[in-house]
Amino acid sequence: MEKNKVRVVYDRRKKSPVKGVGDVELCIYFGPRERKYIKIASVKPEDLYAFQTSDEVKKKIEQCNNVINEMEERNEPMTAEIFSSKFQLLDSAGFIPKTFADFVADMVDSEVMKAGTKKHKKVTLDAIIRFGRFRTFDDITVDNIRLFNDWLHKEGGRTDATVHNYHKHLMKWTRIAFERHYITDDPYKRLHFSRGRSKERNPLTEEELLKLRELPLNGHIERARDLFIFSAYTGLAYADVCAFDFDTMTEKLGDTYYIDGSRLKTGNKFFTPILAPAMEI
């Protein structure tokens, strides 16, 4: 890419005579009418030489060249739009992920989410790695995703509802990869998998809960049982039980204490009585 140069530009908007400082930018040249400017910092004219020869500027130039080299390797059009989309996805070391798994790992690590959600997405990432057919971005095809769907069902006997969650995660990552020009086509636009139904779960009866409450146990097994019983009689999810604090999250109305809190997963408010078996715990 001989004619697409990366060079340092100073005070392009002529601010330094008024403000005393000018912007230091990198200019990436894509053709006579197309350039991309990336602002690095604002410095005084007398500090320009020291700054533009600094490691910070050298690193930014190297990052730009990494993006340009990756675009050349994939024979992609040399445009500012494609360059910008790829530049946004540089990892902390300044390199574009070479494999789809690297890309997904970066998405999972950088996204702000609940610990439980991150855990589920890491399970999907692990499945992508073990499946073994999504090595590069060129492997993200309709045929390979269909094979992945079959593999998910066969490997662990997963239900359609469970497999749907894997596809939900993968669908988001392929959409982002398409938007960033990592892939030329989003295969999920031409795919549809049935969500299916979850396994039917039968609730415990009062008699079964009573047997469990009266079962003699010791140590951590006893505590695990008590947490389960508390959850069963309050309706709280496991994560909400772990976060429960009696002193700060209860209100007494008459002879009954009520839990006044919010779901960790959804943030939804709830107000629920602490029934006698839960109150004993």
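The values are calculated or read from the model by the stated rules, or taken from the named source; none is laboratory data. The shown structure was predicted, so the numbers you read here are calculated from the model rather than taken from an experiment. When we count neighbours, we look across all protein chains shown, and the Cβ atoms used for this are built from the backbone with ideal geometry, even at glycine. What goes into the accessible areas is simple: the full protein's heavy atoms, side chains included, and nothing from ligands, DNA or RNA. Shrake-Rupley method; radii C 1.70, N 1.55, O 1.52, S 1.80 Å.
Observations on the structure shown:
- Selection of region 245-256 for residues being open to solvent by less than 60 Å² (accessible area, probe 1.4 Å) and part of a strand (DSSP E or B) yields THR250, THR256.
- ASP139 being without any contact (Cβ under 8 Å) to a residue 12 or more places away in the chain, within 29 Å of ARG74 (Cβ to Cβ) and surrounded by fewer than 20 Cβ atoms within 10 Å (Cβ to Cβ): no
- Failed criterion for ILE82 (all others in (1) touching a Ser or Thr at 6+ places or on another chain (Cβ under 6 Å); (2) under 21 Å from GLN63 (Cβ atoms) hold): (1)
- Matching residues, region 8-43, being modelled with pLDDT of 90 or more, acidic (Asp, Glu) and over 31 Å from the mean Cα position of the chain (by Cα): ASP11, ASP23
- Taking the criterion of being open to solvent by less than 50 Å² (accessible area, probe 1.4 Å) and closer than 16 Å to ALA237 by Cβ, the residues of region 262-273 that qualify are SER262, GLY267, PHE270, THR272.
- The lone criterion from (1) open to solvent by 90 Å² or more (accessible area, probe 1.4 Å); (2) over 27 Å from LYS118 (Cα atoms); (3) in contact (Cβ under 8 Å) with a residue 40 or more places away in the chain left unmet by GLU207 is number (3).
- Test result for ILE259, at pLDDT 90 or above and assigned to a helix (DSSP H, G or I): no
- The test for being open to solvent by 70 Å² or more (accessible area, probe 1.4 Å), modelled with pLDDT of 90 or more and not small (Gly, Ala, Ser) holds for GLU46.
One line per residue, one yes/no per condition, for (1) touching a residue at least 40 places away in the same chain (Cβ under 8 Å); (2) in contact with a strand residue (DSSP E or B) (Cβ under 8 Å, 6 or more places away or on another chain); (3) closer than 30 Å to VAL104 by Cβ:
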site: TYR166; (1), (2), (3): yes, no, yes
site: HIS181; (1), (2), (3): yes, no, yes
site: SER194; (1), (2), (3): no, no, yes
site: LEU217; (1), (2), (3): no, no, no
site: ALA237; (1), (2), (3): no, no, yes
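- None of ARG130, ARG201 is open to solvent by 80 Å² or more (accessible area, probe 1.4 Å) and over 30 Å from GLU280 (Cβ atoms) except ARG130.
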